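Peer 1: Structure below; questions to follow.
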Amino acid sequence: MLWIQRTIELPAVARGCHLITSDVVRAIPELDSVHIGLLHLFLMHTSASLSINENADPDVRRDLATALDHIAPEDLPYTHTLEGPDDMPAHVKTSLMGVSLTIPVRAGRLALGTWQGIYLCEHRNHAMRRRILATLFGQPR
Amino acid sequence: MLWIQRTIELPAVARGCHLITSDVVRAIPELDSVHIGLLHLFLMHTSASLSINENADPDVRRDLATALDHIAPEDLPYTHTLEGPDDMPAHVKTSLMGVSLTIPVRAGRLALGTWQGIYLCEHRNHAMRRRILATLFGQPR
Amino acid sequence: MLWIQRTIELPAVARGCHLITSDVVRAIPELDSVHIGLLHLFLMHTSASLSINENADPDVRRDLATALDHIAPEDLPYTHTLEGPDDMPAHVKTSLMGVSLTIPVRAGRLALGTWQGIYLCEHRNHAMRRRILATLFGQPR
């Protein structure tokens, strides 16, 4: 049984959804040594999310951000407004999408579907660096 | 420590939410040999979701689909429209609900609550077969 | 390899989001004996959710409940209405937020970010006791 735990530091990105599959794979070379297992990704923040969605057309990422702004608008009667009008909607989006993913590993690779990629969705206007705590566990090859 | 990984093929279903608990249990007979463990289900697609919700009244599944259409409507100003008006809302619903579930296993059975069942929510009008990669791991009995 | 599985009983709470991090930690003293691992929490119900969000300002919990009521309103054309107008929106919120969390464990502690806490979001007006099935697994220290 193999257990690896490591922090992945992501640079600040613009508000919106960003494909980070290759950043994740590059940060965990031990994926290669797993026969059957799981990779757990945990974003250690409350105003950004991890998600799995379409990996090909950048318009999907833009349209997803448009939809999130529609679903969690800035003009609801919020009380927690000290950190700006984008802050409380960011918390709402975080709870809707979630901050963690569990992805199967098979024969040394992430077993994503053909069209699936890992998204970091940054919900704040003024981004900061984001940290993911990655935990890989499984049967060694 | 037991590790099993297997693909579950689901036939095409109509748009909406469908109870698939028994399909999942039937596909993983090794559940029976687990004392304490987890079953991870990973849907390898970007326009359908897995969820856990009420297993008794079919109206709940219908009403959930109604609510999802309200939450992620087709008439937002989307750019990614080539695959039809139901495509981008399908991607949005996928990120809201997620594509994976982790369910506890106890004494050889899925430890679901009395009213809980596993849903496949198909977000596209013209369905296709869907694949779940199931990973079972735990302490053998 | 360590495996612990235990039910956590939570008393009935008012509709809304509640911080339960310390209840969870107190219920699983074996966290202390894990070097690298994961804690899986599974809420065995269909009208309440688990989530991770901001652990400091109670206004965030109130505003999140406000946003959930906006996103899943009571006045949609629902069929499943026998259990009251808050019931079907509760099922919708449950599928949006989810009923389970997987949290990394590192050196005997939950590896939450500085501002992260565990929320129980009760979606019903008349609350009942809620049960979480917790599964802890990992490498012993």
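The values are calculated or read from the model by the stated rules, or taken from the named source; none is laboratory data. Treat the numbers as computed from the prediction; the structure is a model and nothing was measured. Cβ: placed from backbone, ideal geometry, glycine included. Neighbour counts: every protein chain shown. In case anyone asks, the SASA skips ligands and DNA or RNA and just uses the protein heavy atoms, side chains included. Shrake-Rupley method; radii C 1.70, N 1.55, O 1.52, S 1.80 Å.
Peer 1: Quick test for you: out of A:69, A:63, pick the one residue that is acidic (Asp, Glu), surrounded by fewer than 22 Cβ atoms within 10 Å (Cβ to Cβ) and out of contact with any Leu (no Cβ under 7 Å at 6 or more places or on another chain).
Peer 2: A:69
Peer 1: Those residues that are open to solvent by less than 10 Å² (accessible area, probe 1.4 Å) and either at positive phi or not in a loop (DSSP other than H, G, I, E, B) (or both), I need them from the range A:72-87; list them, please.
Peer 2: Selection gives A:87 alone.
Peer 1: Exactly one condition in (1) assigned to a loop (DSSP other than H, G, I, E, B); (2) open to solvent by less than 10 Å² (accessible area, probe 1.4 Å) is false for residue B:90; which is it?
Peer 2: The number of the failed condition is (1).
Peer 1: Could you say which residue among A:51, A:33, A:22, A:47 is out of contact with any strand residue (DSSP E or B) (no Cβ under 7 Å at 6 or more places or on another chain) and within 29 Å of residue B:133 (Cα to Cα)?
Peer 2: Selected residue: A:22, the only one of A:51, A:33, A:22, A:47 that is out of contact with any strand residue (DSSP E or B) (no Cβ under 7 Å at 6 or more places or on another chain) and within 29 Å of residue B:133 (Cα to Cα).
Peer 1: Is it true that residue A:51 is modelled with pLDDT of 95 or more and open to solvent by less than 30 Å² (accessible area, probe 1.4 Å)?
Peer 2: Judged against the criteria, residue A:51 is a match.
Peer 1: Somewhere in the range B:123-140, is a residue open to solvent by 30 Å² or more (accessible area, probe 1.4 Å), within 23 Å of residue B:34 (Cα to Cα) and within 12 Å of chain C (Cβ to nearest Cβ)?
Peer 2: Yes, the conditions are met somewhere in the range B:123-140.
Peer 1: I'm trying to understand the selection: among the residues of the range C:35-84, which are more than 12 Å from chain B (Cβ to nearest Cβ), over 21 Å from the mean Cα position of the chain (by Cα) and more than 30 Å from residue B:138 (Cβ to Cβ)?
Peer 2: C:84
Peer 1: Determine which single condition residue C:129 fails, assuming it passes every other condition in (1) farther than 27 Å from residue B:107 by Cα; (2) within 15 Å of the chain's Cα centre (by Cα); (3) among the charged types (D, E, K, R).
Peer 2: (1)
Peer 1: Let me ask something else about it. Is it fair to say residue C:35 is free of Cβ contacts under 8 Å to residues at least 12 places away in the same chain and open to solvent by 10 Å² or more (accessible area, probe 1.4 Å)?
Peer 2: No: the conditions fail for residue C:35.
Peer 1: Something else about it: Return yes or no: is residue B:46 part of a loop (DSSP other than H, G, I, E, B), in contact (Cβ under 8 Å) with a residue 12 or more places away in the chain and of a type in the set (Val, Ile, Thr)?
Peer 2: Spelling it out, residue B:46 is indeed part of a loop (DSSP other than H, G, I, E, B), in contact (Cβ under 8 Å) with a residue 12 or more places away in the chain and of a type in the set (Val, Ile, Thr).
Peer 1: A further question on this structure: Among residues belonging to the range A:86-115 that are more than 24 Å from residue C:97 (Cα to Cα) and free of Cβ contacts under 8 Å to residues at least 24 places away in the same chain, point out the one that is nearest to the other protein chains (Cβ to nearest Cβ).
Peer 2: Checking each candidate, the answer is A:111.
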